[in-house]
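Please read the structure below before turning to the comments.
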Amino acid sequence: MGAVSQRLFGVEWQGPVLLASGTCGYGEEYSDLIPLDDLGGLVTKAVSVEPREGNPPHRISETPGGMLNSIGLENVGLEAFVREKLPWLEENLDRARVLVNVVGNSVDEYAAVVAGLDDEDGFLGYEINVSCPNVEGGTMFGTDREALGRLVERLRGETDRPIVVKLTPNVPDIGAYARVCEEAGADGLSTINTFPGMLIDVDKRRPVIGNVNGGVSGPAILPMGVYLTWQAATATDLPIIGIGGIRSAEDALQYVLAGASLVQIGTALFVDPESAVGVTEGIEKYIEERDVGDLSELVGTVDVERPARVGLGYE
Amino acid sequence: MTATTATGGGSAEPIPLRENRATPRRHWAPVVRNREVAEATWWLEVDAPEIAAASRPGQFLMIGFGVENTGAPFIPRPFSVGWRSPEGVIGLLVRAFGAGTRRLGALDPGDDVLLLGPLGSAFRPEPGRPSLCVAGGVGLAPFLFLAPEFRDRGHEVRLLYGERTGARVFDPDLIRELTRGDVEIWTEDGEAGSRGLVVEGIDLSDDPILMGCGPTPMLQALARTAFEEEIPLQVSVEEHMGCGIGTCQGCVVPAAGGGWMKACTRGPVFEARELQWEL
Ligand SMILES: Cc1cc2nc3c(=O)[nH]c(=O)nc-3n(C[C@H](O)[C@H](O)[C@H](O)COP(=O)(O)OP(=O)(O)OC[C@H]3O[C@@H](n4cnc5c(N)ncnc54)[C@H](O)[C@@H]3O)c2cc1C
Ligand SMILES: Cc1cc2nc3c(=O)[nH]c(=O)nc-3n(C[C@H](O)[C@H](O)[C@H](O)COP(=O)(O)O)c2cc1C
């Protein structure tokens with residue numbers, strides 16, 4: 001066991017870096033470019049019961065230090081995922097762990113995806129994307145504590161595999177949502193999904209994104225992601241996967257110190273597929289240079305108690 | 001606006017624009033040369049032998065500056081392979097559009113760029129028929145690469161190139177040198193070549209197939225001609241891209257049968273009949 005490996009969700013993770021949902025397809029696309037099986041793992045593109053066509057273009061645009069996207073959860077659907085995508089993951093990933101990102105418009109739809117996957121091979125557990133409209137309740141699962149609790153409870157009843165709930169940053173008190181997930185039986189949390197945003201083309205006087213608004217990702221959201229991860233970590237005992245704007249080991253370590261055991265890299269993969277490899281190496285180097293025993297000893301150790309002082313020479 | 005949609009008939013089954021594609025490579029490459037060749041337009045040469053050797057006309061590269069850079073372009077930008085030398089230098093025709101392209105225009109020899117490529121589908125000749133290539137603006141780029149490659153393989157190529165103004169025209173002598181053939185130029189202001197729209201230069205008397213790359217109105221005009229005259233047409237399309245390899249699903253274009261196709265992996269070169277048109 002190396003310094004960056006950990007036991008979490010009942011299994012061994014060889015490294016802390018995963019590729020984020022929606023940024024690595026179903027794994028295969030990056031297999032020629034980076035040694036996928038050397039990573040901690042990956043999270044698939046969202047899977048819904050039925051295939052989804054997604055939103056009209058433009059679906060993405062750059063914004064300073066990041067990007068705005070509204071893909072519309074385009075995906076092949078449960079059946080094709082099982083038939084065409086899972087076999088590749090099973091065959092090609094041995095040590096890297098796979099979480100399947102799950103979406104739905106109702107509790108039943110989420111449950112149908114989990115039930116439809118649970119007996120298959122090729123993945124460890126689920127990452128539940130709750131940034132979806134709940135057609136029954138008229139809200140988003142991720143911004144409605146009651147709906148969130150019901151969803152997680154129901155999924156807990158469907159599976160013994162790890163359930164990681166991916167929280168939306170779009171709430172006033174993420175700690176409360178984290179506790180709801182914990183009480184409903186979740187095994188972990190992913191913090192965070194994208195922030196809502198909009199860009200306007202001033203020549204055309206129209207939104208740049210076909211769907212009007214989208215989600216902001218990339219380095220621009222790093223401090224918000226770190227803060228929300230810290231808030232969630234202080235509110236629950238669940239293991240956390242930190243996400244948002246990570247492109248270097250230092251970024252990833254901020255999430256770890258804030259309370260994340262694992263991290264995910266999304267947008268930075270587009271900038272450089274090898275960034276995922278570089279982050280892992282950088283974390284190993286940090287641990288070695290500082291003589292920390294292993295990564296788990298760093299998790300959540302940010303020192304916020306030390307009083308801020310104004311005198312010169314304070315260290 | 002009344003828009004009629006047309007698919008030009010036919011089915012959207014995959015066609016062999018996508019055969020034998022090389023595995024994309026990611027590596028840093030030094031700029032060898034960069035010069036302004038027309039108004040706000042640069043001919044950028046990068047040294048990337050592996051990618052050059054694997055590229056086919058119509059394919060593109062994602063060009064970026066790595067994760068330590070957060071200024072535009074942060075997300076890499078797509079550019080057609082505009083030419084390659086036997087030594088492995090790739091030529092790119094870059095026109096200032098926003099902050100990202102202006103930064104590429106300002107690159108100096110020795111600066112490094114991060115490349116991912118070659119990516120996407122390629123133009124495909126039809127044996128025995130000339131390829132009539134119609135380029136609008138920097139849509140010229142893939143044809144600078146295509147013309148000599150196709151000619152070397154014994155296919156006839158005719159190149160039509162249009163710009164809005166004469167000041168934007170890429171040096172015709174350099175075009176002839178790079179393509180080892182002739183080029184017919186059209187400008188809307190009449191300051192270079194013939195006055196008018198490049199599609200006015202289309203001559204179908206020698207039974208060509210059509211290939212197009214340029215602004216959407218030009219592609220629409222080509223599609224109208226192709227569907228009316230029942231001539232095969234391949235077009236290279238543009239859409240905002242994130243990853244270039246199909247994972248982000250950002251760069252979709254409308255498919256003839258409904259739904260979307262990714263410009264980065266199904267395209268950028270499509271048979272016109274695979275696409276949904278508003279004509
Ligand atoms: C397959 C393909 C090949 C291309 N080949 C060439 C070429 O050979 N020469 C050339 O000059 N240009 C080419 N383009 C267009 C070029 O990629 C855009 O002009 C460039 O991305 C604009 O970036 P910017 O930062 O200057 O513009 P900005 O408007 O500041 O960019 C803002 C956002 O819009 C996106 N964007 C805007 N316009 C386009 C566009 N037309 N295509 C894709 N993304 C766009 C950018 O990527 C960015 O996310 C090609 C595009 C594609 C898809
Ligand atoms: C193009 C794109 C598609 C995404 N698709 C999904 C998705 O299907 N499910 C999901 O839970 N998150 C999705 N996300 C969010 C990312 O997984 C991640 O939470 C977010 O981008 C922040 O991380 P980053 O800054 O490293 O990109 C997507 C992000 C991007 C940029």
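Structure values in brief
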| read-out | value |
| --- | --- |
| Condition met for B:I202 (under 18 Å from the mean Cα position of the chain (by Cα) and either surrounded by 19 or more Cβ atoms within 10 Å (Cβ to Cβ) or more than 13 Å from ligand 1 (Cβ to nearest atom) (or both)) | no |
| Residues (touching a residue at least 60 places away in the same chain (Cβ under 8 Å) and in a loop (DSSP other than H, G, I, E, B)) located in segment A:261-284 | A:S261, A:G266, A:P273, A:E274 |
| Scope segment B:117-136; condition assigned to a strand (DSSP E or B) and either away from chain A (no Cβ under 14 Å) or within 16 Å of ligand 2 (Cβ to nearest atom) (or both); matching residues | B:S131, B:L132, B:C133, B:V134, B:A135, B:G136 |
| Qualifying residues in segment B:230-249 (those that are more than 7 Å from ligand 1 (Cβ to nearest atom) and without any contact (Cβ under 8 Å) to a residue 12 or more places away in the chain) - the one surrounded by the fewest Cβ atoms within 10 Å (Cβ to Cβ) | B:E230 |
| Residues being within 14 Å of ligand 2 (Cβ to nearest atom) and in a loop (DSSP other than H, G, I, E, B) - total across segment A:54-82 | 14 |
| Top-ranked residue in segment A:36-53 [being assigned to a loop (DSSP other than H, G, I, E, B) and within 20 Å of the chain's Cα centre (by Cα); ranked as nearest to the other protein chains (Cβ to nearest Cβ)] | A:K45 |
| Leading residue by the ranking (nearest to the other protein chains (Cβ to nearest Cβ)) among those in segment A:229-260 that are within 14 Å of ligand 2 (Cβ to nearest atom) and assigned to a loop (DSSP other than H, G, I, E, B) | A:R247 |
| Odd one out for A:V47 among (1) under 29 Å from B:N69 (Cβ atoms); (2) buried (at least 24 other Cβ atoms within 10 Å of the Cβ) | (1) |
| Extreme residue, farthest from ligand 1 (Cβ to nearest atom), among residues of segment B:62-72 that are buried (at least 21 other Cβ atoms within 10 Å of the Cβ) and at the interface with another protein chain (Cβ under 7 Å from one of its Cβ atoms) | B:V67 |
| Residue in segment B:222-235 that is in a loop (DSSP other than H, G, I, E, B), more than 16 Å from ligand 2 (Cβ to nearest atom) and either more than 21 Å from B:L159 (Cβ to Cβ) or in contact with a helix residue (DSSP H, G or I) (Cβ under 6 Å, 6 or more places away or on another chain) (or both) present | yes |
| Of residues in segment A:104-122 being in a loop (DSSP other than H, G, I, E, B) and surrounded by fewer than 23 Cβ atoms within 10 Å (Cβ to Cβ), the one nearest to ligand 1 (Cβ to nearest atom) | A:N105 |
| Residue in segment B:102-115 that is assigned to a strand (DSSP E or B), under 19 Å from the mean Cα position of the chain (by Cα), more than 24 Å from B:E177 (Cα to Cα) and not assigned by TED's automatic domain parsing to the domain that holds B:L197 present | yes |
| Matching residues, segment A:217-228, being within 14 Å of another protein chain (Cβ to nearest Cβ) and more than 10 Å from ligand 2 (Cβ to nearest atom) | A:P223 |
| Failed item in (1) more than 16 Å from ligand 1 (Cβ to nearest atom); (2) touching a strand residue (DSSP E or B) at 6+ places or on another chain (Cβ under 8 Å); (3) touching a residue at least 24 places away in the same chain (Cβ under 8 Å), with B:S194 passing the rest | (3) |
| Only listed residue being buried (at least 22 other Cβ atoms within 10 Å of the Cβ) and either more than 6 Å from ligand 1 (Cβ to nearest atom) or among the polar types (S, T, N, Q) (or both), chosen from B:V81, B:V94 | B:V81 |
| So B:D108, is it touching a residue at least 40 places away in the same chain (Cβ under 8 Å), of a type in the set (D, E, K, R) and in contact with a strand residue (DSSP E or B) (Cβ under 9 Å, 6 or more places away or on another chain) | yes |
| Residues being farther than 17 Å from A:N101 by Cα and of a type outside the set (G, A, S) - total across segment A:1-28 | 10 |
| Residue match in segment A:129-143 (condition: in contact (Cβ under 8 Å) with a residue 40 or more places away in the chain and either within 16 Å of ligand 1 (Cβ to nearest atom) or among the charged types (D, E, K, R) (or both)) | no |
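This table checks each residue for (1) under 19 Å from the mean Cα position of the chain (by Cα); (2) within 14 Å of another protein chain (Cβ to nearest Cβ); (3) at positive phi.
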| site | (1), (2), (3) |
| --- | --- |
| A:L68 | yes, yes, no |
| A:V82 | no, no, no |
| A:V98 | yes, no, no |
| A:N101 | yes, yes, no |
| A:L117 | no, no, no |
| A:E146 | no, no, no |
| A:R154 | no, no, no |
| A:G157 | no, no, no |
| A:R161 | yes, no, no |
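For (1) in contact with a strand residue (DSSP E or B) (Cβ under 6 Å, 6 or more places away or on another chain); (2) of a type in the set (A, V, I, L, M, F, W, C); (3) modelled with pLDDT of 95 or more, each residue gets a yes or a no:
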site: A:V11; (1), (2), (3): no, yes, yes
site: A:D37; (1), (2), (3): no, no, yes
site: A:L42; (1), (2), (3): yes, yes, yes
site: A:P64; (1), (2), (3): no, no, yes
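Here's the yes/no breakdown for (1) among the hydrophobic types (A, V, I, L, M, F, W, C); (2) buried (at least 23 other Cβ atoms within 10 Å of the Cβ); (3) more than 23 Å from the chain's Cα centre (by Cα):
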| site | (1), (2), (3) |
| --- | --- |
| A:K204 | no, no, yes |
| A:N213 | no, no, no |
| A:D237 | no, no, no |
| A:I243 | yes, yes, no |
| A:V256 | yes, yes, no |
| A:S261 | no, yes, no |
| A:E284 | no, no, no |
| A:L295 | yes, yes, no |
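Per-residue answers, yes or no, for (1) part of a loop (DSSP other than H, G, I, E, B); (2) at pLDDT 95 or above; (3) farther than 20 Å from B:V138 by Cα; (4) acidic (D, E):
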site: B:M1; (1), (2), (3), (4): yes, no, yes, no
site: B:S11; (1), (2), (3), (4): yes, no, yes, no
site: B:I15; (1), (2), (3), (4): yes, no, yes, no
site: B:W28; (1), (2), (3), (4): no, yes, yes, no
site: B:W42; (1), (2), (3), (4): no, yes, no, no
site: B:V46; (1), (2), (3), (4): no, yes, no, no
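The values are calculated or read from the model by the stated rules, or taken from the named source; none is laboratory data. Remember, predicted model here, so these are calculated numbers, not experimental data. Heads up, the Cβs are rebuilt from the backbone with ideal geometry, glycines too, and the neighbour counts pull from every protein chain shown.
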